[in-house]
Amino acid sequence: MINQKEDWHIHSSYSRDSKTSPESIVDTALKRGLKKICVLDHNTIEGGFKAREYAKGKDIEVVVGAEINTDKGEIAGVGLTDEIKSRNLLDVIAEIKSQGAKVFIPHPYGSIRRTKRCYVLEDVAPFSDYIEFYNGRSFFNFNRRKTRRLIKDFNLIPVSGSDAHFAFEIGNLSPRFLYKGVAGFFLTGILNLFFFRIKR
Ligand SMILES: [Zn+2]
């Protein structure tokens, strides 16, 4: 279920907690042999547009998306053409769909998150198209089995993302290497404190 050539969840410097420029995202992704990436900034599609512009003529597809912080937790849109204005969960879903874009449930069971999800996954899944099967920052991915059930019950398309906020995380789609996750947990934690003085 993990396509090592596609990273569906990358944050650029247009997210308040990332410093990676859209250009360096594309360059890093190319270096790592990725064929498709989705720039999924917090609440904006600007970084995605910049990355897609820069990737023109290069051997990589850039999908423009955004991870919206709604009143009930995070939900993402992929293939967006305009900024999502609402922050009400149901309105955000409607806005995504009205653009002809797809609804993407990020990190359904991420265990270490600051922003709590308050919606029930089973309520949102019927309106969704994609779900994040592997998330590079949900270090232990405890509920892979539950995600599989959601995929089956609601006919969702599983995709995987690094959730990169630093360039070195781009393409981190290897759950087999748990040590990478543990090391990454401490490293990104320290870098976050150092650069942003915030927690994930
Ligand atoms: Zn994210």
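We did not get these values from a lab; they are worked out from the coordinates using the rules stated. Worth saying up front: this structure is predicted, and the values here are computed from it rather than measured. Here the Cβ is made from the backbone with ideal geometry for all residues, glycine too, and neighbour counts use every protein chain on show.
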Report summary line: Among N43, N143, T28, the residue whose Cα sits farthest towards the positive end of the charge dipole of the chain, when +1 is placed on the Cβ of each Lys and Arg and -1 on the Cβ of each Asp and Glu, is N143
Query raised in the report: To the nearest whole percent, what portion of all C-alpha pairs in the chain is separated by more than 19 angstrom?
Result: 57
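Among the listed pairs K50/K116; K36/K102; K35/K102, which are separated by more than 24 Å between their Cα atoms? If you can, show how the numbers build up before the last one.
Numbers: K50/K116 29 Å; K36/K102 16 Å; K35/K102 20 Å.
Table pairs above 24 Å Cα-Cα are K50/K116.
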Report summary line: Hydrophobic long helices for the chain, i.e. whole DSSP H runs reaching 18 angstrom or more by Cα along the axis with Kyte-Doolittle mean at least 0.5, come out as 178-196
Report summary line: Any aspartates and glutamates whose Cα falls less than 20 Å from that of K31, other than same-chain ones fewer than 8 residues away, would be E6, D7, E23, E53, D59, E61, D163, E169
Report task. Would you mind checking which residues have amide H under 5 Å from T20's amide H? H placed 1.01 Å from N; only 5 or more apart, or other chain. Result -> S13
**Report entry** Partners for K97 among lysines (Cα-Cα distance below 19 Å; same-chain residues under 8 apart left out)
**Finding:** K72, K85
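Using only DSSP helix segments of four residues or longer, with each worth -39500 (n - 2.57), what per-residue ellipticity at 222 nm results for the chain after dividing by its residue count and rounding to 500? If you can, show how the numbers build up before the last one.
Values: 6 runs with 63 residues, N = 200.
Mean residue ellipticity at 222 nm (helix-derived): -9500 deg cm²/dmol.
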**Report entry** Fluctuation leader among F104, F186, F166 - the chain, Gaussian network, Cα springs under 10 angstrom
**Finding:** F186
Report task. Would you work out the relative contact order for the chain, in percent, from Cα pairs under 8 angstrom that are 6 or more residues apart? Result -> 21
